[in-house]
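Here the structure comes first, spelled out in structure tokens, and everything after it is commentary.
The values are calculated or read from the model by the stated rules, or taken from the named source; none is laboratory data. Keep in mind that this is a model prediction, so the values were computed, not measured. Ideal geometry is used to build each Cβ from the backbone, glycine not excepted, and the neighbour counts take in all protein chains shown. Quick note on the areas: whole protein, heavy atoms, side chains included, nothing else; ligands and nucleic acids left out. Shrake-Rupley method; radii C 1.70, N 1.55, O 1.52, S 1.80 Å.
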Amino acid sequence: MTGKKIVILLGPPGVGKGTQGRRLAEERDWRYLATGDVLREGVKVRPALAEAVKSYMDRGELVPDAFVNELVEALLESSDQPVVLDGYPRTLSQAEALDQMTEKIGWQVHSAILMKVNEEELVDRLTARRVCPQCGEIYNLKTQPPQQDDICDRCGQVLIVRDDDKAEVIRRRLSVYQQLTEPVVEYYRRQGRLTEVDASGSPQEVYAKLWQVTINQ
Ligand code: AP5
């Protein structure tokens, strides 16, 4: 894939978008853009944002569309590589905004890939997740543990549990996904732009499938 093209990773919380998107972008020399990561970083460096944005995130609610749309447009405008987009669009209004902004700035959504796993597995994955606050590396105590307990293999930082990985917030995030993001899946399906991938195997197996479906992109 060359030029100003976007591959969207869609799927519920915990399905593995971050795990796979980061690796795919690294190995293909694409840019990985995850709105969740960008918002979490923004909250750290801009205290004025923190209260408003963090309160949505900590409750498992979506940050308002207008704010996120503006953020994504600015990020795309500053990119000169193909982009793997994780966590956006998450509402129909965001999907429409993405179509408008890509047309305006000369980008193209190449495909939307839906990663699928059953709900029980999603909750298991999120409950055992640990992340590195420094480099963003994602671990799982059961399936992808760090070599040394609670320490990032890449940068040596102490790993943390994300604030929104508490059981009640996980439930809310899953319900928000069903209500607001499943219509986005339909939006791309109706337009013939959706590819579905079973993401229930090991990370390596899932990666092989994603590699395959993005091979000509
Ligand atoms: P965001 O950070 O995007 O969270 P999410 O969509 O809920 O997705 P996750 O990051 O939880 O899961 P993932 O699919 O990336 O899974 P991962 O690879 O980590 O958003 C957070 C919040 O930000 C939102 O709630 C909202 O408030 C706000 N926000 C973000 N974007 C927004 C937008 N566009 N509009 C408005 N608000 C927005 O994997 C999970 C675990 O499973 C890990 O432990 C991993 O090691 C493990 N794992 C991965 N793959 C496998 C496998 N194949 N087998 C076994 N374990 C696996």
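Quick notes
- Residue in region 127-144 that is closer than 18 Å to THR181 by Cβ and in a helix (DSSP H, G or I) present: no
- Contact map, region 58-75: residues that are of a type in the set (Lys, Arg) paired with residues that are open to solvent by 50 Å² or more (accessible area, probe 1.4 Å), Cβ distance under 9 Å, separation 6+ or inter-chain. Pairs shown: ARG59/ARG172.
- Pairs where the first residue, in region 132-158, is under 15 Å from GLY18 (Cα atoms) and of a type in the set (Phe, Trp, Tyr) and the second is open to solvent by less than 70 Å² (accessible area, probe 1.4 Å) and not in a loop (DSSP other than H, G, I, E, B), C-beta under 8 Å, 6+ apart: TYR139/ARG129; TYR139/ARG130; TYR139/VAL131
- Output for region 24-42, where each listed residue is more than 10 Å from the ligand (Cβ to nearest atom) and either more than 12 Å from the chain's Cα centre (by Cα) or hydroxyl-bearing (Ser, Thr, Tyr) (or both): LEU24, ALA25, GLU26, GLU27, ARG28, ASP29, TRP30, ARG31, TYR32, GLU41, GLY42
- One residue from THR35, THR19 being among the hydroxyl-bearing types (Ser, Thr, Tyr) and open to solvent by less than 20 Å² (accessible area, probe 1.4 Å): THR35
- When residues in region 38-73 are screened for being modelled with pLDDT of 90 or more, of a type in the set (A, V, I, L, M, F, W, C) and surrounded by fewer than 13 Cβ atoms within 10 Å (Cβ to Cβ), 1 of them pass.
- Scanning region 130-145 for residues that are surrounded by fewer than 17 Cβ atoms within 10 Å (Cβ to Cβ) and among the hydroxyl-bearing types (Ser, Thr, Tyr) turns up just one, THR143.
- Output for region 59-94, where each listed residue is within 23 Å of ASP164 (Cβ to Cβ), acidic (Asp, Glu) and out of contact with any strand residue (DSSP E or B) (no Cβ under 7 Å at 6 or more places or on another chain): GLU61, ASP65, GLU70
- Residue in region 156-172 that is within 11 Å of the ligand (Cβ to nearest atom), of a type outside the set (Val, Ile, Thr) and outside any loop (DSSP other than H, G, I, E, B) present: yes
- Any hit, region 155-178, residues being under 18 Å from the mean Cα position of the chain (by Cα), under 18 Å from ALA25 (Cβ atoms) and modelled with pLDDT of 95 or more: no
- Which numbered condition CYS152 misses (of (1) more than 10 Å from the ligand (Cβ to nearest atom); (2) open to solvent by less than 30 Å² (accessible area, probe 1.4 Å); (3) under 19 Å from the mean Cα position of the chain (by Cα)): (3)
- Flag for GLU196 being in contact with a strand residue (DSSP E or B) (Cβ under 7 Å, 6 or more places away or on another chain), among the acidic types (Asp, Glu) and either open to solvent by 60 Å² or more (accessible area, probe 1.4 Å) or part of a helix (DSSP H, G or I) (or both): yes
Listed here are the residues, each with its yes/no results for (1) of a type in the set (Asp, Glu); (2) in a strand (DSSP E or B); (3) loosely packed, with under 12 Cβ neighbours inside 10 Å; (4) within 10 Å of the ligand (Cβ to nearest atom).
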{"site": "MET115", "(1), (2), (3), (4)": "no, yes, no, yes"}
{"site": "GLU121", "(1), (2), (3), (4)": "yes, no, no, yes"}
{"site": "TYR177", "(1), (2), (3), (4)": "no, no, no, yes"}
{"site": "GLU182", "(1), (2), (3), (4)": "yes, no, no, no"}
{"site": "TYR187", "(1), (2), (3), (4)": "no, no, no, no"}
{"site": "GLN204", "(1), (2), (3), (4)": "no, no, yes, yes"}
{"site": "TYR207", "(1), (2), (3), (4)": "no, no, no, yes"}
{"site": "LEU210", "(1), (2), (3), (4)": "no, no, no, no"}
{"site": "ILE215", "(1), (2), (3), (4)": "no, no, yes, no"}
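- Against the list (1) open to solvent by 10 Å² or more (accessible area, probe 1.4 Å); (2) within 13 Å of the ligand (Cβ to nearest atom), the condition HIS110 fails is (2).
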